[in-house]
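One structure is given below, encoded as structure tokens.
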Amino acid sequence: MSHTLRPMLRTDLERVQAIQRQHAPGTPASEWLPVAEQAIDENTDTPLAFVSEVEGGRITGYILGAIRSWEFGSPPAGWVIGIGVDIEHQHSGAGADLLRQLLRSFAARKVGAARTMVRREDIQVLRFFRTAGFNIGPYTELEMELEP
Ligand SMILES: CC(C)(COP(=O)(O)OP(=O)(O)OC[C@H]1O[C@@H](n2cnc3c(N)ncnc32)[C@H](O)[C@@H]1OP(=O)(O)O)[C@@H](O)C(=O)NCCC(=O)NCCS
């Protein structure tokens, strides 16, 4: 089924969150909702949050972005904060279209790079971003476990 894209509205959040929960059921709303709300701007020509929908208006996917610096003094980059496509609508190009749309907004806001974080073992998502043109970036995340 073909889909169209439009900027995300606050009234979309319930449905968007239902899609997000399909992929990450454990995410508390208190963590996710403020990030989504921050990405929504209903009065801009270059939105950083979009949804895909099929005829009849059912939302099938979403993307959330932000413009941030990775560290103090580094040039801001466009971050893909979250992307999700309803499992019944995957592999029909919605994810790629949503990503392209967000990248257009980043370019219009004059940032020089787009970034995202993906778990190393998440081969499907890695392949999705690689296909779209993403490569290994200039930073390496370091981590250590702490005693409880
Ligand atoms: C990743 C995701 C957004 C892709 O959305 P989608 O609409 O299914 O992807 P598209 O149909 O636009 O596919 C675009 C390309 O991505 C790659 N791709 C997508 N799903 C893939 C899969 N399961 N296996 C391999 N490659 C895949 C393919 O290269 C595909 O190109 P092709 O169709 O020409 O082969 C979707 O699978 C998803 O919601 N995943 C779970 C949520 C998630 O983990 N999000 C990322 C972290 S926030």
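No value in this document is a laboratory result; all are computed from the given coordinates. Quick caveat, the model's predicted, so the values are computed rather than measured. Virtual Cβ from ideal backbone geometry, glycine too; neighbours counted across all protein chains shown.
Quick notes on this one:
- Within the option set G82, G137, being more than 8 Å from the ligand (Cβ to nearest atom) and surrounded by 11 or more Cβ atoms within 10 Å (Cβ to Cβ) holds for one residue only, G137.
- Count of residues meeting criterion [within 13 Å of the ligand (Cβ to nearest atom) and either in a strand (DSSP E or B) or surrounded by 22 or more Cβ atoms within 10 Å (Cβ to Cβ) (or both)] in region 91-116: 6
- Of the residues contained in region 11-20, one or more are found to be among the β-branched types (V, I, T) and under 20 Å from Q90 (Cβ atoms).
- Scanning region 33-56 for residues that are of a type in the set (A, V, I, L, M, F, W, C) and in contact (Cβ under 8 Å) with a residue 24 or more places away in the chain yields V35, A36, A39, I40, L48, A49, F50, V51, V54.
- Members of region 117-136 that are in contact with a Ser or Thr (Cβ under 9 Å, 6 or more places away or on another chain) and part of a loop (DSSP other than H, G, I, E, B): F134
- Summed over region 54-75, the residues that are surrounded by 15 or more Cβ atoms within 10 Å (Cβ to Cβ) and either in contact with a His (Cβ under 6 Å, 6 or more places away or on another chain) or among the small types (G, A, S) (or both) give a count of 5.
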